[in-house]
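To start, the structure under review is shown below, and the notes come after it.
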Amino acid sequence: MGKTGYFTHRDCWKHDMGRGHPECPERLDAIEDRLLLTGVGDALEHRDVPLATLAQITRAHSEAHLEHLESLHQRLVADEPAGGPRHAQLDPDTILNRFTLLAARRAAGAAIAATDAVMAGEVDNAFCSVRPPGHHACYEQAMGFCFLNNVAIAARHALEVHGLERVAIVDFDVHHGNGTENILSNDPRVLMVGFFQHPFYPYSGTEHPASNMLNLPIPAYTRGMDVRELIEAAWMPRLEEFAPEMIFVSAGFDAHREDDLGQLGLTENDFAWITGRVRDVARRHAQGRIVSMLEGGYNLDALARSVEAHIRVLADL
């Protein structure tokens, strides 16, 4: 049985975008309850999560982006005693409260801490059960429920602090990881492979991607076995050729057939299979080093079952 780190923090529950928003704190409750009920949580090494620093964040984002988020945060805090608004809206789907920036820095901090723990050999791999998610956050823009790009921050940390020469990012969210692509395009040290429903938000990923981006746009209602065939034919040869020294996963579970935010037909067994293929590459080329970050997944029961399946493969349970 491998040793899998589990990174989360109660600050991630404090970010709340308002009643009825699908990216809600209850997502983390559902995961925690499932891991407790099944006993999977007992097999994991629970680790502390620091706040990401300015230096760590600005490896993937501009200082102006952080300053903009900070100014919105400060305005909410300053206006609260006078009965001011509880939220600030960046776009129709992406909303801050007084704790959003704290939660986002914890989520990015989890990505950093997990990377450090895996690189140090303290754990074999890691899953970060954090929110807000990150893969839509661009170099200078928050969007799509995302404020800081956790995976991009962690990948740059692995390259620039730990001195790795090649890292891969695997993104299996129902939505294209446009923010990660925006930040890491044309970085020869990074290979990003992903699939996503198309056409679908954010309506990107198909127009002349950089050579280090392997995007698989797939139509609505595609089922799991078809996705597996595409991964075997397209992802696996590129990953083997690239021989990454570490793999980061943007683990979105909204491609599940029970999730109403997408129209793909995957199940938790498909997520387990995908995780197994990623693990195979990591064992051959990266000393088993994987850091997985929670992205989407909005049907609470399907999310919880899928995360359990994903972690069981990571931990060899």
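The values are calculated or read from the model by the stated rules, or taken from the named source; none is laboratory data. The structure presented is a predicted model; accordingly, all values stated were derived computationally and were not measured. Every residue, glycine as well, gets a Cβ built from its backbone with ideal geometry; the counts of neighbours run over all protein chains shown. Surface areas here come from the heavy atoms of the whole protein model, side chains and all, with no ligands, DNA or RNA. Shrake-Rupley method; radii C 1.70, N 1.55, O 1.52, S 1.80 Å.
Listed values, structure above:
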{"quantity": "Burial order of peptide ranges 9-21, 286-298, 262-274, 144-156 (average beta-carbon count within 10 Å, highest first)", "calculated": "144-156, 286-298, 262-274, 9-21"}
{"quantity": "On Cα atoms only, tilt of 100-119 relative to the major axis of the chain in degrees", "calculated": "30"}
{"quantity": "Within the accessible area of segment 4-315 (1.4 Å probe), percent carbon and sulfur", "calculated": "49"}
{"quantity": "For segment 77-86, Karplus couplings with θ = phi - 60° (6.51, -1.76, 1.60), whole Hz, Gly/Pro x", "calculated": "5, 5, 8, 4, x, 8, x, x, x, 8"}
{"quantity": "Efficiency of FRET from Cβ geometry, VAL77 and ALA55, R₀ 25 Å, rounded to 0.05", "calculated": "0.55"}
{"quantity": "Separation of the VAL161 and MET236 label points, Cα + 7 Å toward Cβ, nm", "calculated": "3.4"}
{"quantity": "Low-density loop cleavage sites - trypsin sites (Lys or Arg not before Pro) in segment 57-148, where at most 13 other Cβ are within 10 Å (DSSP)", "calculated": "none"}
{"quantity": "ARG283 versus ASP91: modelled label distance in nm, points set 7 Å from Cα along the beta carbon direction", "calculated": "3.9"}
{"quantity": "Largest-first principal axis extents, alpha carbons of segment 4-315, Å", "calculated": "58, 44, 40"}
{"quantity": "FRET efficiency, 1/(1 + (r/R0)^6) with R0 30 Å, evaluated for GLU207 and GLU229 via beta carbons", "calculated": "0.75"}
{"quantity": "Where labels lie 7 Å past Cα in the beta-carbon direction, separation of ASP29 and GLU45 in nm", "calculated": "3.1"}
{"quantity": "Degrees, to the nearest 10: 300-314 long Cα axis against longest axis of the chain", "calculated": "50"}
{"quantity": "Accessible surface, the chain, averaged per residue in Å² (probe 1.4 Å)", "calculated": "39"}
{"quantity": "Hz values of 3J(HN,Hα) by residue in segment 8-18 - Karplus curve (6.51, -1.76, 1.60), Gly and Pro given as x", "calculated": "7, 7, 5, 4, 5, 7, 7, 5, 9, 9, x"}
{"quantity": "Mean separation of Cα contacts under 8 Å (6+ apart) over length of segment 174-317, as relative contact order %", "calculated": "23"}
{"quantity": "Computed over segment 38-138, the ratio Rg/Rh where both radii use C-alpha atoms and Rh is Kirkwood", "calculated": "1.05"}
{"quantity": "Degrees, to the nearest 10: 26-38 long Cα axis against longest axis of the chain", "calculated": "50"}
{"quantity": "Efficiency of FRET from Cβ geometry, ALA120 and LEU36, R₀ 41 Å, rounded to 0.05", "calculated": "0.90"}
{"quantity": "Among HIS208, HIS162, HIS135, residue whose mean-square fluctuation peaks in a GNM of the chain (springs only between Cα atoms under 10 Å)", "calculated": "HIS208"}
{"quantity": "Full-stretch length increase - ASP301, LYS14 - with 0.36 nm per residue and alpha-carbon distance subtracted", "calculated": "101.2 nm"}
{"quantity": "Beta bridges by DSSP in the chain, antiparallel share as percent, to the nearest 5", "calculated": "15"}
{"quantity": "Total formal charge among the other residues, if their Cβ is under 13 angstrom from that of GLY194, Lys/Arg +1 and Asp/Glu -1", "calculated": "-3"}
